[in-house]
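Have a look at the structure below, then the notes.
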Amino acid sequence: MKKTAPIVETKLSVVLSVSVVVFRPQGNQLERTLESLAAAARPLSLHYPDAEVEVIIIDNGGGDVAQTLMKTLSHVGLRSKYVAGHGNVGYGRGHNLAIEQASSRYHLVLNPDVDLDAGALLTGLTFLDANPAVGLVAPWVGDSDGRQQYLCRRFPSVLDLFIRGFLPLRLRGKLPRRFARYEMRDVIDDRNVFWDPPIVSGCFMLFRTDVIKHLNGFDPRYFLYFEDYDLSLRTHEVARVVYVPLIRILHYGGGVAHKGWTHRKLFAASAMKFFNRFGWKWL
């Protein structure tokens, strides 16, 4: 039987903390992300009048963005912290720097290439309020054209990840049934809540803060890729995970296959760590 996620009983001034890790960010897209975040945060004041939303920007380097970031955050009216000077420690370890200092009821792990629907945060927090056994909520995700991205996943095989990481889209299209199963297209749609998807995407992970702290955040052994797979599977050990399609975002990130050999090598190295930890499944 799954354990019920612990609930924070004390009154917290920060209802939601948000961590965003940036490395050589695209300024226009990051600005849109923060503006959409601010728009989605405004409706929370009606339901949590005494609580605040705090954004923690973790700058892993690659450019002097501090002034631009703080100006944008001030412009959109978000309380913020800026953490820099630690170098490029990786995606998961970057978020952990924010998770360690978060003192909120809920915590959102957010990519810098995401646009939030205006109702996304209120819908997510309302769902968590109503379902105390839930520790992690995942949204409906669309691409730049508004088409659904299927980012909930079943436990992958080595073949699945080879297809995802190394085959171009035109060749993936020759294996539609296999990839559709891996992406849970038989049960994930744009209308129905789905309980306990094995793996959800790290581009938007809405947690109870005490749950993600209990799990010590992301496993720092992953520099990039599969840290969200790992954290998803570990979350199932302490709380329920739910896909809620009424929470809507757009995600502009791309797949690994067209990002060059550096990313492919990181992908392969993290995949080995993942399978060594959770077991190898070849086909």
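Could you tell me which of the residues Arg234, Arg221 is closer than 30 Å to Asp129 by Cβ and of a type in the set (Lys, Arg)?
Values: Arg221 fails: closer than 30 Å to Asp129 by Cβ.
Exactly one of Arg234, Arg221 is closer than 30 Å to Asp129 by Cβ and of a type in the set (Lys, Arg), namely Arg234.
I'm told Pro25 meets every condition in (1) farther than 15 Å from Asp210 by Cα; (2) modelled with pLDDT under 70 except one. Can you identify the failing condition by its number?
(2) is the only condition that Pro25 fails.
Taking Ala239 as the residue in question, decide whether it is in contact with a Cys (Cβ under 8 Å, 6 or more places away or on another chain) and under 26 Å from Gly94 (Cβ atoms). Don't jump to the end; show me each part of the working.
Values: in contact with a Cys (Cβ under 8 Å, 6 or more places away or on another chain): no; under 26 Å from Gly94 (Cβ atoms): yes.
Against the criterion (in contact with a Cys (Cβ under 8 Å, 6 or more places away or on another chain) and under 26 Å from Gly94 (Cβ atoms)), Ala239 does not qualify.
All but one of (1) modelled with pLDDT under 90; (2) crowded, with 16+ Cβ neighbours inside 10 Å hold for Ile7, so report the exception by its number.
In the conditions (1) modelled with pLDDT under 90; (2) crowded, with 16+ Cβ neighbours inside 10 Å, Ile7 misses (2) alone.
Residues are listed down the side, and each one gets a yes or a no for (1) within 14 Å of the chain's Cα centre (by Cα); (2) part of a helix (DSSP H, G or I); (3) in contact (Cβ under 8 Å) with a residue 40 or more places away in the chain:
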| site | (1), (2), (3) |
| --- | --- |
| Ile212 | yes, yes, yes |
| Phe218 | yes, no, yes |
| Tyr225 | yes, no, yes |
| Asp230 | yes, yes, yes |
| Tyr243 | yes, no, yes |
| Leu246 | no, no, yes |
| Gly253 | yes, no, yes |
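Considering only strands (runs of 3 or more DSSP E) fully contained in segment 31-126, which possess at least 1 residues that are over 28 Å from Asn216 (Cβ atoms) and within 18 Å of the chain's Cα centre (by Cα)?
Details: elements: 52-59, 79-83, 104-110, 114-116.
Strands (runs of 3 or more DSSP E) meeting the threshold: 114-116.
For segment 15-53, how many residues meet the condition of being closer than 23 Å to Arg248 by Cβ and among the charged types (D, E, K, R)?
Total meeting the criteria: 4.
Pick from Leu215, Leu233, Leu136: which is surrounded by fewer than 22 Cβ atoms within 10 Å (Cβ to Cβ), in contact with a Ser or Thr (Cβ under 8 Å, 6 or more places away or on another chain) and closer than 20 Å to His95 by Cα? Walk me through how you get there before you give the answer.
Details: Leu233 fails: in contact with a Ser or Thr (Cβ under 8 Å, 6 or more places away or on another chain); Leu136 fails: surrounded by fewer than 22 Cβ atoms within 10 Å (Cβ to Cβ).
None of the other options fit; the residue is Leu215.
List pairs: first residue in segment 21-45 and in contact (Cβ under 8 Å) with a residue 12 or more places away in the chain and of a type in the set (Ser, Thr, Tyr), second residue assigned to a helix (DSSP H, G or I) and buried (at least 16 other Cβ atoms within 10 Å of the Cβ) anywhere in the structure, Cβ distance under 9 angstrom, at least six positions apart or on different chains.
Ser36/Ala120
Quick test of your reading of the structure: Val83 fulfils all but one of (1) closer than 30 Å to Phe274 by Cα; (2) modelled with pLDDT of 95 or more. Name the failing condition by number.
Among (1) closer than 30 Å to Phe274 by Cα; (2) modelled with pLDDT of 95 or more, the lone unmet condition for Val83 is (2).
Within 21 Å of Gly142 (Cα to Cα), of a type in the set (Phe, Trp, Tyr), within 18 Å of the chain's Cα centre (by Cα) and at pLDDT 95 or above: is that true of Phe274 in this structure?
On the way: within 21 Å of Gly142 (Cα to Cα): no; of a type in the set (Phe, Trp, Tyr): yes; within 18 Å of the chain's Cα centre (by Cα): yes; at pLDDT 95 or above: yes.
In short, no.
I'd like the full set of residues that are crowded, with 18+ Cβ neighbours inside 10 Å and either in a strand (DSSP E or B) or on the phi > 0 side of the Ramachandran plot (or both), limited to segment 16-30.
Correct list: Leu16, Ser17, Val18, Ser19, Val20, Val21, Val22.
Tell me which residues, restricted to segment 28-64, are under 27 Å from His86 (Cα atoms), modelled with pLDDT of 90 or more and of a type in the set (A, V, I, L, M).
Those that are under 27 Å from His86 (Cα atoms), modelled with pLDDT of 90 or more and of a type in the set (A, V, I, L, M): Leu34, Leu37, Ala38, Val53, Val55, Ile56, Ile57, Ile58.
Quick one: Met205 ticks every box in (1) of a type in the set (A, V, I, L, M, F, W, C); (2) assigned to a strand (DSSP E or B); (3) modelled with pLDDT under 95 except a single one, so which number is it?
So Met205 meets the others, but not (3).
Select from segment 267-279 the residues that are surrounded by fewer than 19 Cβ atoms within 10 Å (Cβ to Cβ), touching a residue at least 24 places away in the same chain (Cβ under 8 Å) and more than 20 Å from Thr235 (Cα to Cα) and list them in ascending order. Before the answer, list the steps.
Going residue by residue through segment 267-279, those that are surrounded by fewer than 19 Cβ atoms within 10 Å (Cβ to Cβ) are 268-269, 272-273, 275-279.
Okay, now just the ones that are also touching a residue at least 24 places away in the same chain (Cβ under 8 Å), so 268-269, 273, 275, 277-278.
Ala268, Ala269 - these are the residues of segment 267-279 that are surrounded by fewer than 19 Cβ atoms within 10 Å (Cβ to Cβ), touching a residue at least 24 places away in the same chain (Cβ under 8 Å) and more than 20 Å from Thr235 (Cα to Cα).
The values are calculated or read from the model by the stated rules, or taken from the named source; none is laboratory data. Predicted model only: the values in this text are computed from it and were never measured. Don't worry about glycine lacking a Cβ; one is built from the backbone with ideal geometry, like all the others, and counts go over all protein chains shown.
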